[in-house]
1. Can you name the residue in segment 185-204 that is closer than 15 Å to Tyr122 by Cα and of a type outside the set (Ser, Thr, Tyr) and, of all such residues, is surrounded by the most Cβ atoms within 10 Å (Cβ to Cβ)?
2. When only residues in segment 63-110 that are touching a residue at least 40 places away in the same chain (Cβ under 8 Å) and of a type in the set (Phe, Trp, Tyr) count, which is farthest from Ser200 (Cα to Cα)?
3. For segment 193-214, which residues satisfy the criterion of being part of a helix (DSSP H, G or I) and modelled with pLDDT of 95 or more?
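The values are calculated or read from the model by the stated rules, or taken from the named source; none is laboratory data. Quick caveat: nothing in here was measured; it's all calculated off a predicted structure. FYI the Cβ positions are ideal-geometry reconstructions off the backbone, even for glycines, and counts take in every protein chain you see.
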Amino acid sequence: MSRLDALFGRGSAAGSEEEHHWLSVSDLMAGLMMVFLLISIALMQHALKERDRVTQVAETYQATQVAIFEALRKEFEDDLPRWEAEIDPKTLALTFKSPEVLFATGSYQLRPRFEQILADFYPRYLEVLAPFKSVIDEIRIEGHTSSRWNRLVSEDDAYFLNMQLSQDRTRSVLNYLYQLPETQADKAWVKKTTAAVGYSSAHPELDENQQENAERSRRVSFRVLTNAESQIRTILDEVTP
C-alpha cells in the first residue's frame, strides 16, 4: 500500500509539474497576444493619423485650386473672349486657342498680336499668383500642335518635327516674357518655377466624333501646378518602410 501511495504521490507531483508547465506556456502566449494587440492598435492609430494628414492635404489642395481659379477668372474674365482664351478649373490651365494669332504655320516666331496679348497678360498673371507662391511648384508653359506636317514625311517624322516646333514655340514665349520690364522684379521666382514644355500632337483637341480638331489642337497654355502632390508623396514616404 505504501508503495502504491509512494507511486501515486510521485505521479501527483509529476502531474502538478506538467500542469504548472502548461500554465506557464499559456501565460506566455497570453502575454504575447497582448503585445501583438497593443502593436496592432498603435499601428492602426498611426495609419489613421497618416490618413487624416493625406485627407487634410487633399482638402487644402481642393480649396487652393478653387481659390487660384477664382482669382484668375476674376482678373481675366473680361479679356478671355477677345484673347480667344479659356481657363480650366480642374487643371488651372489658361489656354490661348487662336493659332492664327499665336504663330505662323511652321514657325516659332511670336506674331505681333500674340506679343501684345502676352505683354498685357503676363504681368497681371504674376500679380494674381503672388499670394499663392508658397503652394506653387511650377508654372508650365505648354505648347501643342496638330498631328499634321506635310505629305512628304511619315506620321512618326511629323510627330517629332512637331515636337521640336512645339518646344521652340514655348521657349520663344518664355524668352519674350523673361525680357518684359514687369518681369524683372520676379525674375528669380520665374526662373525657379517656370518650365517651357512642348507636347507635339500628344494631347489633341477632339471634335464630337472623337477625331482630331487640327485647328483647336494648335494652342499654348499656362498651367499652375501646386505642391499638394509632393506633400502627399512625402507623407507616403514617411510611412512606407
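1. Filtering first and then ranking leaves Ala196.
2. Phe76
3. Within segment 193-214, Thr193 is the sole residue that qualifies.
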